[in-house]
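Heads up: the structure comes next, in structure tokens.
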């Protein structure tokens with residue numbers, strides 16, 4: 001009887017329709033060197049946001065079948081943005097706070113939050129961000145960042 005295994009797959013959202021996901025599925029059999037394998041949904045199709053169960057059925061020459069399943073999870077935009085914001089040491093929270101202050105007419109408070117944001121970006125440039133990434137977050141070109149913050153840009157290219 002054929003057998004196979006596939007690990008769960010996670011993919012990021014690519015469009016409003018979801019993400020095209022390619023996966024490898026394989027079957028093996030003690031007597032049949034090439035059992036047939038059919039999976040639904042097929043590899044290379046667009047998977048909607050959320051978790052989809054893929055069902056694969058393998059059939060050997062004797063007509064024996066084995067079925068196995070695995071999941072494909074397409075993460076939506078909100079999940080990806082939340083992950084990105086939290087992965088950058090809380091920078092997203094500072095951006096949101098500054099925006100809220102500006103919208104509330106609290107210009108002075110927004111400037112303070114943006115100053116803290118800049119300080120945090122420069123600190124992360126020493127540890128987690130490349131000089132180019134830090135420059136982009138500060139709205140600077142790479143050369144401007146290196147000129148202003150030379151000590152942060154060294155060795156991070």
Looking at residue 34, is it part of a loop (DSSP other than H, G, I, E, B) and at pLDDT 90 or above? no
Cβ pairs under 6 Å, 6+ apart or interchain, first in segment 118-137 and outside any helix (DSSP H, G or I), second modelled with pLDDT under 75, ordered by first then second residue, are 130/156
Kindly provide the set of residues from segment 49-71 that are touching a strand residue (DSSP E or B) at 6+ places or on another chain (Cβ under 6 Å) and modelled with pLDDT under 90, ordered by number. 49
In segment 100-111, anything assigned to a helix (DSSP H, G or I) and loosely packed, with under 14 Cβ neighbours inside 10 Å is listed as 100, 103, 107, 108, 111
Is one or more of the residues making up segment 21-31 exposed (fewer than 15 other Cβ atoms within 10 Å of the Cβ), under 30 Å from residue 133 (Cβ atoms) and at pLDDT 80 or above? yes
Restricting attention to segment 77-92, does a residue exist that is at pLDDT below 85, within 30 Å of residue 135 (Cα to Cα), touching a strand residue (DSSP E or B) at 6+ places or on another chain (Cβ under 7 Å) and in a helix (DSSP H, G or I)? yes
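The values are calculated or read from the model by the stated rules, or taken from the named source; none is laboratory data. Every value quoted in this text rests on a predicted model; they were computed, and no experiment measured them. When we count neighbours, we look across all protein chains shown, and the Cβ atoms used for this are built from the backbone with ideal geometry, even at glycine.
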